[in-house]
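Visitor: Handing you a structure now.
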Amino acid sequence: MNYLAVGSEIRGTSKTETKKLVELDVMNDLMIKKIVSNNHSTLFLAEDGSLYEVLKNNKKERIKHDLENVVDISSGNYHFLVKTENKVYSFGFTSGGEFYGQLGQGNDTPLDKPKEIQFFQDKKVTQIGGSGWTSYFVCENGDLYCCGWNGGGNYGNGNTANVSTPLKSLSNIKRVFARNFSQHVIMERKTGEIIVTGYNCYGQLGTGNTTNVNTPVTPAFLKGKKMEEDIRDIFIADHCSFILMTNGELYISGTHFGGGSKTFTKMMVFKDKPVKTIGSGYSYVYIGTEGGDLYILDKQSSGGLKKVEGPYTLYKYPFTIEDEFSELSCSRNIRNCYIKLYSSGIAKDMKTFFENKKFTNGELNKIPVHKLILEYRTGLKFEEIHEISKTWTNELSQDFCLWCYSGILAKNQLLVEQLKSMGIQTPKKKLLNDDLLKLYKDEDSKDFNILVKTDEDEEDYDDEEDLFEEIPVHKEILLARSGLFRDLFENVNQESNSVKDFSGKTIESIEILVRYFYTNKIEITADDDPQLIVEELSDALEYYQLVNSTNLKNELTKIKKQFNLK
């Protein structure tokens, strides 16, 4: 699971409306790369390049097409854009849709299935972007092509004429920031300059007025500022724009909440909550912070975005697993929000490991536990933890163990207070992934060895044991992450401090896999053989019975791309 959702008419979960974050249970068998919504439908792009639409009955349906693997998707109000490695496709729906040629097919005919945009057959498109009834295509050489609605001047070509065949409107463009319901756009030139163009009736361009712009300009606030150096990201909402600075400060210009500034103004309500990402709909904005909290700015709030210092309506939704989120995706009229998580696998495996109650070596108020996990998460000896917990209720003990194993911080103020008394002042920021990485680097605490057979000739050794090299590891991590090792420990002496690996893989591959058990990442150095590592770890998926194998497959896919492997 690598996506959560909140709101109404959520696709991909058995729940259609919720004020709490829920898992997309319909998608449990897929690793989702991206989700985009328009006013009609929601598309899910899987990491393997397959494309799904989830219908109102919450049955997922793979979009049948002859496309190569899809690498990106985008949406407008009623249309979708699809990009593969070498081609661009579009399709749109007739239900309530308005067509201005945004499909780029040379006409206003709606399409219910992806169709290649022939215009780009001899061009290398690097980015696609949909907004309202407009489509944007950035090419490798910096040329920007547009089609669809241009009534606000959002092409940036000096006029407001619509076209149905992609038209070159600008040059030297690196990327476009657009959203599925906006009629304005912000762009980054290859020189680093940030420019704006399009509809501006609410001051969303940050130019200090409400005059539409059809020839790009740079607002005063953005002059001299560079992406990555000064600006982390740019987010476009319906009638406003957000600039997220590298220090976590958030600036806004324009608003659809009534009133608002015509220049970029700092949102003081988040001065102590560094912002990480934003997703917006027509009358609401979801904002995620560095601390892992999700807020909603609602049109019904008494102050809305009109007054920078509030009051705001802030509904706080604590995340149900520890993985930080990286991206929010919202629809325009359907009040929902999809939250993409950085990683998956570790928290879920550790939670299952705790719930199974196997191979434990201690008890906390009659709850079977693995001492190492509790010690490393708190920095205390198990005896100290046991003494502190003597007055705890069973519920508090369960919540504490759940946090130690998976990072899930229950809505239990007493738990927060107890963790603070242990020296953990900000439990939400004490990430499981960070602690497991530290555990991996702690060689002295490793209590187990995987014995891997070397390539040496057996005749050169008198003792067969000398043919095996040791890879130190923590027994608990092996048991939590691999079904093979759990099966082995079920059938052998559980007091043993080593196990022989007969997979036939090189020690280099096994070492990389062991690190993956702790970090969920495959890291290859210049001294490794990438092709061999990928081949061996691909075979190892089944051998080691990895519960969450999708993430490892994705990591291997990244390595293939990094080293141009087949």
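Visitor: Please verify whether region 494-506 includes one or more residues that are more than 26 Å from Glu443 (Cβ to Cβ) and β-branched (Val, Ile, Thr). Quick ask: steps written out before the conclusion?
Guide: Within region 494-506, the first condition is being more than 26 Å from Glu443 (Cβ to Cβ), and the residues that meet it are 504.
From what's left, β-branched (Val, Ile, Thr): none.
So far as region 494-506 goes, no, none of its residues is more than 26 Å from Glu443 (Cβ to Cβ) and β-branched (Val, Ile, Thr).
Visitor: Where residues in region 151-173 are touching a residue at least 60 places away in the same chain (Cβ under 8 Å) and in contact with a Leu (Cβ under 9 Å, 6 or more places away or on another chain), which of them is surrounded by the most Cβ atoms within 10 Å (Cβ to Cβ)?
Guide: Top of the filtered list is Gly156.
Visitor: Do you know which of the residues in region 393-445 that are charged (D, E, K, R) and surrounded by 16 or more Cβ atoms within 10 Å (Cβ to Cβ) is modelled with the lowest pLDDT?
Guide: Only one residue tops the list, namely Lys428.
Visitor: Looking only at region 125-150, count every residue that is buried (at least 24 other Cβ atoms within 10 Å of the Cβ), among the polar types (S, T, N, Q) and assigned to a strand (DSSP E or B) and tell me the total.
Guide: Within region 125-150, residues that are buried (at least 24 other Cβ atoms within 10 Å of the Cβ), among the polar types (S, T, N, Q) and assigned to a strand (DSSP E or B) number 3.
Visitor: Exactly one condition in (1) modelled with pLDDT of 90 or more; (2) open to solvent by 30 Å² or more (accessible area, probe 1.4 Å); (3) touching a Leu at 6+ places or on another chain (Cβ under 9 Å); (4) not acidic (Asp, Glu) is false for Tyr543; which is it?
Guide: (1)
Visitor: Can you find even one residue in region 92-100 that is open to solvent by less than 10 Å² (accessible area, probe 1.4 Å), of a type outside the set (S, T, N, Q) and in a strand (DSSP E or B)?
Guide: As a first pass, look at region 92-100 and keep what is open to solvent by less than 10 Å² (accessible area, probe 1.4 Å): 92.
Of the ones still in play, those that are also of a type outside the set (S, T, N, Q) are 92.
Those left that are additionally in a strand (DSSP E or B): 92.
The answer is yes, given that some residue of region 92-100 is open to solvent by less than 10 Å² (accessible area, probe 1.4 Å), of a type outside the set (S, T, N, Q) and in a strand (DSSP E or B).
Visitor: In region 345-371, what residues are in a helix (DSSP H, G or I) and at pLDDT below 95?
Guide: Going through region 345-371, the residues in a helix (DSSP H, G or I) turn out to be 346-356, 371.
Listed by number, the residues that qualify are Ile346, Ala347, Lys348, Asp349, Met350, Lys351, Thr352, Phe353, Phe354, Glu355, Asn356.
Visitor: Any chance region 256-267 includes a residue that's in contact with a Leu (Cβ under 6 Å, 6 or more places away or on another chain), modelled with pLDDT under 80 and not in a loop (DSSP other than H, G, I, E, B)?
Guide: No - not one qualifying residue is present in region 256-267.
Visitor: I'd like the full set of residues that are open to solvent by 20 Å² or more (accessible area, probe 1.4 Å), under 24 Å from the mean Cα position of the chain (by Cα) and in contact (Cβ under 8 Å) with a residue 12 or more places away in the chain, limited to region 520-534. Reasoning before the result, please.
Guide: Of all residues in region 520-534, those open to solvent by 20 Å² or more (accessible area, probe 1.4 Å) come to 521, 523-532.
Next, from what is left, pick out any that are under 24 Å from the mean Cα position of the chain (by Cα): 521, 523-524.
Passing the criteria: Lys521, Ile524.
Okay, residues lined up against (1) within 27 Å of Gly49 (Cα to Cα); (2) at pLDDT below 95; (3) within 24 Å of the chain's Cα centre (by Cα):
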| position | (1), (2), (3) |
| --- | --- |
| Thr84 | yes, yes, yes |
| Glu98 | no, yes, no |
| Asn107 | no, yes, no |
| Val125 | yes, no, yes |
| Gly142 | yes, no, no |
| Val163 | no, no, no |
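Visitor: Continuing with this model, one more query. Just one of the numbered conditions (1) at pLDDT 90 or above; (2) surrounded by fewer than 19 Cβ atoms within 10 Å (Cβ to Cβ) is not true of Asn493; which one?
Guide: (1)
Visitor: Does Ile73 count as out of contact with any Asp or Glu (no Cβ under 9 Å at 6 or more places or on another chain), open to solvent by less than 50 Å² (accessible area, probe 1.4 Å), over 22 Å from Ser169 (Cβ atoms) and among the aliphatic types (A, V, I, L, M)?
Guide: When the stated conditions are applied, Ile73 passes them.
Visitor: What is the number of the single condition among (1) touching a Leu at 6+ places or on another chain (Cβ under 6 Å); (2) of a type outside the set (S, T, N, Q); (3) closer than 30 Å to Ile507 by Cβ that Asp442 does not meet?
Guide: It is condition (1) that Asp442 fails.
Visitor: Which of (1) outside any strand (DSSP E or B); (2) aromatic (Phe, Trp, Tyr); (3) under 20 Å from Asn77 (Cα atoms); (4) over 26 Å from the mean Cα position of the chain (by Cα) does Phe119 not meet, given it meets every other one?
Guide: If we test Phe119 against (1) outside any strand (DSSP E or B); (2) aromatic (Phe, Trp, Tyr); (3) under 20 Å from Asn77 (Cα atoms); (4) over 26 Å from the mean Cα position of the chain (by Cα), just (3) comes out false.
Visitor: In region 351-381, how many residues are among the hydrophobic types (A, V, I, L, M, F, W, C) and either in contact with a strand residue (DSSP E or B) (Cβ under 6 Å, 6 or more places away or on another chain) or open to solvent by 70 Å² or more (accessible area, probe 1.4 Å) (or both)?
Guide: Summing the residues that are among the hydrophobic types (A, V, I, L, M, F, W, C) and either in contact with a strand residue (DSSP E or B) (Cβ under 6 Å, 6 or more places away or on another chain) or open to solvent by 70 Å² or more (accessible area, probe 1.4 Å) (or both) in region 351-381 gives 1.
Visitor: Would you say Asn77 is over 16 Å from the mean Cα position of the chain (by Cα), in a loop (DSSP other than H, G, I, E, B), modelled with pLDDT under 80 and polar (S, T, N, Q)?
Guide: no
The values are calculated or read from the model by the stated rules, or taken from the named source; none is laboratory data. Just so we're clear, the structure is a prediction, and the values are computed from it rather than from any experiment. Cβ sites come from the backbone with ideal geometry, for glycine too, and all protein chains shown count toward neighbours. To get the accessible areas, we keep the full protein, side chains included, count just its heavy atoms, and leave off ligands, DNA and RNA. Shrake-Rupley method; radii C 1.70, N 1.55, O 1.52, S 1.80 Å.
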